[in-house]
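The values are calculated or read from the model by the stated rules, or taken from the named source; none is laboratory data. Please read all numbers here as calculations on a predicted model, not as lab measurements. So basically every Cβ, Gly included, is an ideal-geometry build from the backbone, and we count neighbours across all protein chains shown. Just the protein is used for accessible areas: all its heavy atoms, side chains included, with ligands, DNA and RNA removed. Shrake-Rupley method; radii C 1.70, N 1.55, O 1.52, S 1.80 Å.
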Amino acid sequence: MGYRCPVCDVEEADAEHLANHLAVTASLGREDHATWLEEHAPGWADCGPEELGEIVADHATEVETPEFDDHDHERGRPSGFEDELAHQTRQRGRGSLTAEAEQVLREARELTERMADDADENENA
């Protein structure tokens, strides 16, 4: 069972994904998400995804979600945080990223790719 974001109606696979969506979107400067979190989950920035998920799920509409296959992405890995975030920012109503936010995402993507390459090398060693 998934949840619909109470702010922007995006559907998330479960409570932890909803918590991540709300927190990341708020952290990127979306005031509507930040305001909602402050009203419904004071201290949200100090919560982990599981704890925040339990809080926000109580305020979100449950939705049926399709089964997700995490292994149909490049190199057999689930899509990364940066890919999911980039996907969200391209959706209608998301606005554009600041140059600083774009640079942060670019650097995070590069670090993630390096970590994945290192993991591959360690597996093959």
Report task. Take the residues in region 95-125 that are touching a Lys or Arg at 6+ places or on another chain (Cβ under 8 Å) and either farther than 18 Å from residue 10 by Cβ or surrounded by 13 or more Cβ atoms within 10 Å (Cβ to Cβ) (or both), then tell me which one is modelled with the lowest pLDDT. Result -> 120
**Report entry** Number of positions in region 25-47 that are charged (D, E, K, R) and closer than 16 Å to residue 60 by Cα
**Finding:** 3
Report summary line: The condition from (1) at pLDDT 65 or above; (2) of a type outside the set (S, T, N, Q); (3) surrounded by fewer than 10 Cβ atoms within 10 Å (Cβ to Cβ) that residue 70 misses is numbered (1)
Query raised in the report: (1) open to solvent by less than 60 Å² (accessible area, probe 1.4 Å); (2) modelled with pLDDT of 90 or more; (3) more than 16 Å from residue 4 (Cβ to Cβ): which one isn't true of residue 46, the others all being true?
Result: (1)
